[in-house]
1. Can you tell me which residues in the stretch 118-146 are buried (at least 18 other Cβ atoms within 10 Å of the Cβ) and among the β-branched types (Val, Ile, Thr)?
2. Confirm whether THR81 is β-branched (Val, Ile, Thr), surrounded by 15 or more Cβ atoms within 10 Å (Cβ to Cβ) and over 30 Å from ARG45 (Cα atoms).
3. With the structure loaded, tell me whether LYS63 is without any contact (Cβ under 8 Å) to a residue 12 or more places away in the chain and in a helix (DSSP H, G or I) or whether it fails that test.
4. In a helix (DSSP H, G or I), within 17 Å of the chain's Cα centre (by Cα) and under 29 Å from ALA103 (Cβ atoms) - does that describe any residue in the stretch 75-83?
5. Of everything in the stretch 99-113, what is of a type in the set (Ser, Thr, Tyr) and farther than 13 Å from GLU157 by Cβ? Give them in sequence order.
6. Given the options LEU20, LEU3, name the one that is farther than 24 Å from ALA153 by Cβ and modelled with pLDDT under 95.
7. If a residue must be crowded, with 18+ Cβ neighbours inside 10 Å and either part of a helix (DSSP H, G or I) or in contact with a His (Cβ under 6 Å, 6 or more places away or on another chain) (or both), how many such residues does the stretch 3-18 contain?
8. Looking only at residues in the stretch 125-156 that are of a type in the set (A, V, I, L, M) and touching a helix residue (DSSP H, G or I) at 6+ places or on another chain (Cβ under 8 Å), which one is farthest from LYS12 (Cα to Cα)?
Amino acid sequence: MILNSIGLDSQKTKLIANDLNHLLSNFQVYYQNLRGIHWNIKGKRFFDLHVKFEELYNDANIKVDEIAERILTLGETPLHTFEDFNKQAKVPVGKNISEDEKAVQLIVDSISELLKIERELLDKAGDANDEGTNSMMSDFITEQEKTVWMMKAWLGETI
């Protein structure tokens, strides 16, 4: 086993960085979805949702940066083109969504996909003794589970 300069197995961190790039790609699509629904939302709930969607895209923007910096910390290069993001992303793309319930459902569907990726990363990071990635994924998961709960409650649904 060859350790990198932060004391982690180089082969394992390369695999984790690849998975982080997959997460980064999905977060970029999620971010763009949030921008789109922020811009295009219409109806009686416009004022509340417009503000909420801005809050969510600002948070997603911060997380995108954190993911990219973690990839760099692990010694790899973060993806940074829309072409790369689109090839890897599994988050559904929302186009021209202006209806409140469709917009909120897109958020739930997107975060649900992000959570799957993050849970896989959490397991791999734990196996690699990569506490930095593990901690980041744990924080993301905790926050996003709460967001899903709140969005589902807004939709009148349960988890």
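1. Matches in the stretch 118-146: THR133 only.
2. Values: β-branched (Val, Ile, Thr): yes; surrounded by 15 or more Cβ atoms within 10 Å (Cβ to Cβ): no; over 30 Å from ARG45 (Cα atoms): yes.
Criteria not met by THR81.
3. On the way: without any contact (Cβ under 8 Å) to a residue 12 or more places away in the chain: no; in a helix (DSSP H, G or I): yes.
So LYS63 does not fit the description; no.
4. yes
5. Narrowing the stretch 99-113 to residues of a type in the set (Ser, Thr, Tyr): 110, 112.
Matches in the stretch 99-113: SER110 only.
6. LEU3
7. 4
8. In this case the residue turns out to be LEU155.
The values are calculated or read from the model by the stated rules, or taken from the named source; none is laboratory data. Since this is a predicted model, take the numbers as computed values, not measurements. For neighbour counting, all protein chains shown are included, and Cβ atoms are generated from backbone atoms with ideal geometry for every residue, glycine included.
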